[in-house]
1. Relative to the Cα centre, what is the charge dipole magnitude of the protein assembly as shown, using +1 at the beta carbon of each Lys and Arg, -1 at the beta carbon of each Asp and Glu, and rounding to the nearest 20 debye?
2. No partner Cβ under 4.7 angstrom, meaning no disulfide-compatible partner by this rule: which Cys of chain A qualify?
3. How crowded by other chains is A:36-42, given as the mean number of beta carbons from other chains within 10 Å of each beta carbon?
4. Taking θ = phi - 60°, what integer Hz values does the Karplus form 6.51 cos²θ - 1.76 cosθ + 1.60 yield along region A:53-67, in sequence order, with x for Gly and Pro?
5. Can you tell me the alpha carbon radius of gyration of the protein assembly as shown divided by the globular rule-of-thumb value 2.2 N^0.38 Å?
6. Which whole number gives the average, over all residues in A:3-14, of C-beta atoms from other chains lying within 10 Å of the residue C-beta?
7. Which whole-angstrom value gives the distance between the alpha carbon centres of region A:27-47 and region A:90-112?
8. Run the numbers on region B:306-349 and let me know its relative contact order in percent, using alpha-carbon pairs under 8 Å that are six or more apart.
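Every number in this text was worked out from the coordinates using simple rules, so none of it is lab data. None of these values were measured; they are calculated from a predicted model. Please note: Cβ atoms are built from the backbone with ideal geometry, for glycine as well, and neighbour counts cover all protein chains shown.
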Amino acid sequence: MIDGMLVPGAEDPDAAAFWQWCAKGELRIQMCTSCDARRFPPRPMCPACRSFDHVWTPLSGRGTVWSFVVPHPPLLAAYGDQAPYNVIVVTADEDPAIRFVGNLVTAADARLDAIDPASIVIGEPVTVVFDRIDEAVAVPRWTRP
Amino acid sequence: MTHPLRDRTAIAGIGHTEYAKAIDRPEKVLALEAILAALADAGLSPDDVDGLASYTMEATEEIEIARNLGLSDVTWFGQVGYGGGAGCGVVGQAAMAVATGQCRVAVAWRARKRGAVASRPWAGVRHRVYGNHQWSRPFGLLRPVDEIAMLTRRYQHEFGATREQLGAVAVTVRRHANRNPDAMMHTKPMSIDDYLAARWISEPLCLFDNCLESDGAAAVVVTSADRARDLPSTPVLIHGFAQSIPRQHQTMTNYFGDDPLVGPSYACADLLWRNALVGPGDVDVAQLYDAFSPLIPLSLEGYGFCGRGEGAAFGAGNALAFDGPGRQGGGLPVNTSGGGMSEAYLHGFNLIVEGVRQIRGTSYSQVSGAETSLVTSGEGVPTSALLLRADR
């Protein structure tokens, strides 16, 4: 990890379980136990049936690139040092309405500029990897299968 | 059928400070200057004001405004959130307060300094990220431009929108600013070649797809239509007003719903047109919220000026120019003061001032005979819109 990159506040009560699963190397999201609807980002209530009851269900970790950007400076220093880099939005294979923001990288701990942005294609398949960014927190990034 | 808000209130006064990259006076002073200017334009004094409407991001609280202006009893005050989505909501809620008798004369304002942390929500970023930002910022999606660029790339992918089409939007509003001596870009012409040669900020968006960083303030005075008719300035009726937080919306990073390219404009437009006696085909001129150029085509679609995915093509060439084809010729004059990209970026409030000028007939890029003027607030955030009409 590069010093000064932003870290999700993993103790957020809505989100803590998501980040705990990431730290164990698993991509899990909430699934309502009343109506089976999946939801992400996490929240206490199912927007489909208003139930609070849920489990954290595993995803395959496979998805496709929905869109991407290539930020250029001015940026926070830790990101500016890697710019231009890519940020992607990934659609989960299991559910077209479940999407994650992440980065397309060559390996879990690679720099954010490891992939040539000109090579990224909307629709290309990606697989999740987990980048441990401090002692307690790992974030999902994505590699080419 | 009558509607309890439609045409019951009017914007009776408009005012603003100079717009510049750096103004050496505090936001509080800028707010007070703009409010005084708007009251003078309305032929009213601070003694007449009993309502205050502002953005939650406003740095100066209502009590400070009231204590400085020496207001008498303020009987209604309210704020609207979500930055650029708030502007028309602030004015529309003031109109509701006037129409329901909660106050008689309301002022609505926005004062903003680019250097002030409180005015730049992304400037106070901390190492630990909470709330909705934790799903995007750690990955380097840091700035509003990065968030909107993500939607733009997808929009280009789904509908074939090109850089040249976005560039046409930026070039057109720049030409409007070149005609407006108050605009920050008044003396800076821009060609499509200038646009295409500009440096990237967040691909696919370049420097000239972005709004300006501005200091300044603007204000409007809202009162009943009846009272406005007795005041010196031409009354501009608030014909319609709407706000929206669409289903499953996430502000700025609206990637988590079924169709992120159906933005808040659609739901806002539904209510706006439902309560109006006119439709999109009757709008003579529009001020569309333009923190970033792609928000203009997305708003053209959402408010029903063209079909989904057609906004970028709609705005090509000079279709959006004040002296372009106009509604008869399949265009729509937009952002005739230069808007957020070329006049000043005040979270969209200067768009409201210009929407009023078009009905008064006093714009520097006047649309001949304009009687119906649409103003919209932020696309991509919980939003709002105003439909302004001439009192004829």
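1. Values: 46 positive and 59 negative charges, 47 e Å.
That gives the protein assembly as shown a dipole magnitude of about 220 debye.
2. Cys with no partner Cβ under 4.7 Å: A:22.
3. Numbers: counts 0, 0, 0, 2, 2, 9, 1.
That average works out to 2.
4. Per residue, the Karplus-derived 3J(HN,Hα) values read 7, 7, 10, 9, 9, x, 9, 5, x, 10, x, 10, 6, 8, 6 Hz.
5. On the way: Rg = 23.5 Å, N = 537, 2.2 N^0.38 = 24.0 Å.
Dividing the Cα radius of gyration by 2.2 N^0.38 Å gives 0.98.
6. 5
7. Answer, in whole Å: 19.
8. Details: 40 pairs, mean separation 9.6, N = 44.
Across region B:306-349, relative contact order equals 22 percent.
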